[in-house]
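Asker: My questions will all concern the structure given below.
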Number of protein chains: 2
Amino acid sequence: MPRYVTMADVAREAGVSLMTVSRVINDKGEVSTLTRQHVQEIIERLGYRPSNIARGLVTQRTGTLGLVVPDSANPFFSEVARGAEHAAYAHGYNVFLCNTEESTEQELNVLKSLDEKRVDGLLLCSSRLDKTALHQALLQHPVTVLVNRWLEGDGVGAVLADDRLGGLIATRHLLQRGHRKIGFLAGPPNSHSGRLRMEGYHAAFAEVDATWDPEWMEHCTPMVDGGQAAAYKLLTAHPELTALFCFNDLVAVGALQACEELGLVVPGDVAIVGTDDIPLAALVRPALTTCRVSRYELGKQAMQLLLKRIEGCLEECQTIILKPELVIRESAP
Amino acid sequence: MPRYVTMADVAREAGVSLMTVSRVINDKGEVSTLTRQHVQEIIERLGYRPSNIARGLVTQRTGTLGLVVPDSANPFFSEVARGAEHAAYAHGYNVFLCNTEESTEQELNVLKSLDEKRVDGLLLCSSRLDKTALHQALLQHPVTVLVNRWLEGDGVGAVLADDRLGGLIATRHLLQRGHRKIGFLAGPPNSHSGRLRMEGYHAAFAEVDATWDPEWMEHCTPMVDGGQAAAYKLLTAHPELTALFCFNDLVAVGALQACEELGLVVPGDVAIVGTDDIPLAALVRPALTTCRVSRYELGKQAMQLLLKRIEGCLEECQTIILKPELVIRESAP
DNA sequence: AGTAGTATTGTTAGCGTTAACAGTCCTGTG
DNA sequence: CACAGGACTGTTAACGCTAACAATACTACT
């Protein structure tokens, strides 16, 4: 088993001290160009790679960040992750991308594990933990930024889409087109975004003095089959519904499928509005009307906020709120 | 800045030696139940989390694996990643998921960075590096498994979809339906899978003594817009084509869009076969006929192979080949 | 030549953990 | 009662690196 080449090997080979090699590696001035070149040659020749873990032990910084998402295969989060990773790379950080698989238990596991890895910071997307559990978990971590989740009180950063506004403009659009009986596929019961969208949904009804029925709402897993099952149930139980507002686009695609099964034409019989504008939204037929916040931007801004916080900006770097816009396509013209 | 709690803190508080705490943490027998409980209490109370990096320094194992993919937002790789992550988690490992953004430069960066992080093993998907560069890069890494890429010679593991067979059965299907002029959207020129699919594509023609024209092939980026542009070009230049075989499903979706633009009906005017069976494939209209290898399985098997290799199985744990199957849908019935 | 100042290099200690070995304290046996 | 042998606990020295300080060599002056 060939050991890794260490700095000591390089130093011996080059006939200089450890510190000189260290200075060359970290480009900390104070080394004559001659020795620098010589050392660099040896490094090259020996294929030396400094050990980040030894370095981390002494500097207390690992150059590593944690990025926690419910499901990295979900196009929403994969775009957020891309934005976040780009920003991190640009600053010389690496990222641990962790899935919670929508399970709070797994989420706690992942947080613990990132803690033990001594990540320099944490980007936590759409946490499903309740307030106290989240608070408790974050106590351990030095610097954290939440995405799509608000936690009152102490200094964690947050980047949010204005979900209430999203629910509002989506529902308002449907009401403007004359719909009055609008179902809501609400996603997981413990989703914060889901609750805010519901608020917006209700607020839109209030704006036009229309009333809504709590029976028109149905929770579901935030995926295609969840949306399909919930839409099927809702449309069967409430044939009076002429529109559906959906927790996200995958759910909306599920709703599309349910309509097809039930022989309902979209948007003729039922109009459908999704949320997120995932790539798929434009590709399904009919293409989805949906509520967009740039996911890439969300991830990028969040990571930049995290990096600023790591560098000590705490007062000014608290919360960023991104406004959604409605993308009107065929499913609810 | 509140320091992390260290093992020394726990030891002092509990009135025992460092080693005793270490033994409790690692569950290495030889500790009386009484002290064990006592120490565990203190650990709990102090919220102690062992430092993986200090541990890594002495044990020479980080409990961390590298997973390198061209684009984690691509549904193909995100499923592979899921499979791989699950397998890794099940064995107590964490995973660095890294994107190469389809750039060889970025790929080298990422590999270097993982090396410096001292990952215990490396899963490298669809590497775009050429033979010597790849070989060179892997010299540094202790244990590696390649996915979707073959590298002759020395001991790296590999998990492959039988891409040649995939190209063969897809093209054979089209030939059986009477198509004779079949275009090929070949993906990036340096893609190994692409080359193998081309072989299969040619082999299928040979089976029925038909001939193909090299002009029917067009390279493209492996994404929707790449496929669209290439399909547009190909179908304009060669109106005689009645079918397209595509590097992957995203490319196939692009081809679908190109047909729409050109007023060509799928499958009536042009039949389209994709590869990979990403979730989108079943959702677009017309739904895509495509060639599937379980991506989740691919990732899982690859990770299991990697873990076995880490544990020392080198002879028996070389190569796994997964056979694809054709999923027939509307785009090429 | 002597000296202050600067550029360059070296030395020491310690980051938080574990491997390896060295005790210490029992318990049962001859 | 002495003692082997297990059960438990402690001590020491790394792991590979950098911060902080110490030493040396060189430069340009007076």
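The values are calculated or read from the model by the stated rules, or taken from the named source; none is laboratory data. Everything quoted here is computed from the prediction, not taken from an experiment. No Cβ is skipped: glycine too gets one built from the backbone with ideal geometry, and neighbour counts run over all protein chains shown.
Asker: Return the residue satisfying two criteria in turn: it lies in the stretch B:163-184 and is small (Gly, Ala, Ser) and in contact with a Gly (Cβ under 7 Å, 6 or more places away or on another chain), and of such residues it is nearest to B:His202 (Cα to Cα).
Answerer: Applying the first criterion (small (Gly, Ala, Ser)) to the stretch B:163-184 yields B:166-167, B:170, B:178, B:183.
Checking the rest, the ones that are also in contact with a Gly (Cβ under 7 Å, 6 or more places away or on another chain) come to B:166-167.
Values: B:Gly166: 12, B:Gly167: 8 Å.
Residue satisfying both the conditions and the ranking: B:Gly167.
Asker: So, of the residues in the stretch B:18-28 that are surrounded by fewer than 15 Cβ atoms within 10 Å (Cβ to Cβ) and near DNA strand D (Cβ under 7 Å from one of its atoms), which turns out to be nearest to the other protein chains (Cβ to nearest Cβ)?
Answerer: Here the residue is B:Leu18.
Asker: If you don't mind, another one. Just to be sure, is B:Thr104 within 30 Å of B:Glu297 (Cβ to Cβ), within 13 Å of chain A (Cβ to nearest Cβ) and among the polar types (S, T, N, Q)?
Answerer: No; evaluated as a whole, the condition is false for this residue.
Asker: Please list, ordered by first then second residue, the pairs with beta carbon atoms under 8 Å, 6 or more apart or interchain, first in the stretch B:267-288 and within 9 Å of chain A (Cβ to nearest Cβ), second part of a loop (DSSP other than H, G, I, E, B) and charged (D, E, K, R).
Answerer: Taking only residues 6 or more apart or on different chains, the pairs are B:Val284/A:Arg285; B:Arg285/A:Arg285; B:Arg285/B:Glu330.
Asker: For A:Leu97, are the conditions met, namely being at the interface with chain B (Cβ under 8 Å from one of its Cβ atoms), within 30 Å of A:Gly274 (Cα to Cα), buried (at least 24 other Cβ atoms within 10 Å of the Cβ) and aliphatic (A, V, I, L, M)?
Answerer: Here the answer is yes, as A:Leu97 does meet what is asked.
The rows are residues; the columns are (1) outside any loop (DSSP other than H, G, I, E, B); (2) more than 29 Å from B:Leu129 (Cα to Cα); (3) in contact with a Ser or Thr (Cβ under 9 Å, 6 or more places away or on another chain); (4) not acidic (Asp, Glu).
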| position | (1), (2), (3), (4) |
| --- | --- |
| B:Gly166 | yes, no, yes, yes |
| B:Arg172 | yes, yes, no, yes |
| B:Leu175 | yes, yes, no, yes |
| B:Gly194 | yes, no, no, yes |
| B:Glu215 | yes, no, no, no |
| B:Cys220 | no, no, no, yes |
| B:Glu240 | no, yes, no, no |
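Asker: Which one of the conditions (1) within 14 Å of another protein chain (Cβ to nearest Cβ); (2) modelled with pLDDT of 90 or more; (3) surrounded by 18 or more Cβ atoms within 10 Å (Cβ to Cβ) does A:Lys112 fail to meet, given that it meets all the rest?
Answerer: (3)
Matching residues to (1) at pLDDT 90 or above; (2) buried (at least 21 other Cβ atoms within 10 Å of the Cβ):
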residue: B:Val145; (1), (2): yes, yes
residue: B:Glu152; (1), (2): no, no
residue: B:Ala158; (1), (2): yes, no
residue: B:Arg164; (1), (2): yes, no
residue: B:Ala170; (1), (2): yes, yes
residue: B:Gln176; (1), (2): yes, no
residue: B:Arg180; (1), (2): yes, no
residue: B:Asn190; (1), (2): no, no
residue: B:Ser193; (1), (2): no, yes
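Every residue, every condition in (1) crowded, with 24+ Cβ neighbours inside 10 Å; (2) more than 30 Å from B:Pro286 (Cβ to Cβ); (3) modelled with pLDDT under 90, yes or no:
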| residue | (1), (2), (3) |
| --- | --- |
| A:Met217 | no, yes, no |
| A:Gln228 | no, no, no |
| A:Leu235 | no, no, no |
| A:Phe247 | yes, no, no |
| A:Ala255 | yes, no, no |
| A:Pro267 | no, no, yes |
| A:Lys300 | no, yes, no |
| A:Val327 | no, no, no |
| A:Ser331 | yes, no, no |
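Asker: Could you check how many residues of the stretch A:78-87 are more than 7 Å from every other protein chain (Cβ to nearest Cβ) and modelled with pLDDT under 90?
Answerer: Step one: list which residues in the stretch A:78-87 are more than 7 Å from every other protein chain (Cβ to nearest Cβ), which gives A:80, A:83-84, A:86-87.
Remaining after also requiring modelled with pLDDT under 90: none.
Residues in the stretch A:78-87 being more than 7 Å from every other protein chain (Cβ to nearest Cβ) and modelled with pLDDT under 90: 0 in total.
Asker: Something else about it: Show the residue pairs that are 6+ apart or on different chains and have beta-carbon atoms under 6 Å apart, the first residue being within the stretch B:50-69 and free of Cβ contacts under 8 Å to residues at least 24 places away in the same chain, the second being within 6 Å of DNA strand C (Cβ to nearest atom).
Answerer: B:Ile53/A:Leu57; B:Ala54/A:Leu57; B:Leu57/A:Leu57
Asker: In addition: Taking the stretch B:38-73 as the region of interest, how many residues are more than 12 Å from chain A (Cβ to nearest Cβ), in a helix (DSSP H, G or I) and buried (at least 19 other Cβ atoms within 10 Å of the Cβ)?
Answerer: So the count comes out to 3.
Asker: Looking only at the stretch A:177-192, filter to residues that are in a loop (DSSP other than H, G, I, E, B) and touching a His at 6+ places or on another chain (Cβ under 8 Å); which one of those is farthest from A:Glu152 (Cα to Cα)? Spell out how you get there, then give the answer.
Answerer: So the first thing to find is which residues in the stretch A:177-192 are in a loop (DSSP other than H, G, I, E, B), and the list is A:177-181, A:186-191.
Within this subset, residues satisfying the condition of being touching a His at 6+ places or on another chain (Cβ under 8 Å) are A:181, A:186-189.
Values: A:Lys181: 35, A:Ala186: 23, A:Gly187: 23, A:Pro188: 21, A:Pro189: 20 Å.
Going through the qualifying residues, I end up with A:Lys181.
Asker: Right, B:Arg128: within 15 Å of the chain's Cα centre (by Cα), facing chain A (nearest Cβ under 7 Å) and more than 16 Å from DNA strand D (Cβ to nearest atom) or not?
Answerer: In short, no.
Asker: Oh, and also: Search the stretch B:286-317 for residues being part of a loop (DSSP other than H, G, I, E, B) and under 13 Å from the mean Cα position of the chain (by Cα), and hand back the single one that is nearest to B:Ala271 (Cα to Cα).
Answerer: The residue in question is B:Val293.
Asker: Further question on the same structure: Looking at (1) more than 22 Å from B:Ser78 (Cβ to Cβ); (2) in contact with a Phe, Trp or Tyr (Cβ under 6 Å, 6 or more places away or on another chain); (3) not β-branched (Val, Ile, Thr), find the lone condition where B:Gly194 falls short.
Answerer: Unmet condition: (1).
Asker: With the checklist (1) surrounded by 18 or more Cβ atoms within 10 Å (Cβ to Cβ); (2) more than 12 Å from DNA strand D (Cβ to nearest atom) in hand, flag the one item A:Gly15 doesn't pass.
Answerer: Evaluating A:Gly15 over (1) surrounded by 18 or more Cβ atoms within 10 Å (Cβ to Cβ); (2) more than 12 Å from DNA strand D (Cβ to nearest atom) leaves (1) as the failure.
Asker: Of everything in the stretch B:1-42, what is in contact (Cβ under 8 Å) with a residue 12 or more places away in the chain and near DNA strand C (Cβ under 10 Å from one of its atoms)? Give them in sequence order.
Answerer: Correct list: B:Tyr4, B:Val5, B:Thr6, B:Met7, B:Asp9, B:Val10, B:Thr20, B:Val21, B:Ser22, B:Val24, B:Ile25.
Asker: Regarding the stretch B:244-253, can at least one residue be identified that is without any contact (Cβ under 8 Å) to a residue 60 or more places away in the chain and among the aromatic types (Phe, Trp, Tyr)?
Answerer: Checking the stretch B:244-253: not a single residue is without any contact (Cβ under 8 Å) to a residue 60 or more places away in the chain and among the aromatic types (Phe, Trp, Tyr).
Asker: Output the residue which, of all residues in the stretch B:149-162 that are in contact (Cβ under 8 Å) with a residue 60 or more places away in the chain and of a type outside the set (Val, Ile, Thr), is farthest from B:Ala206 (Cα to Cα).
Answerer: B:Gly155
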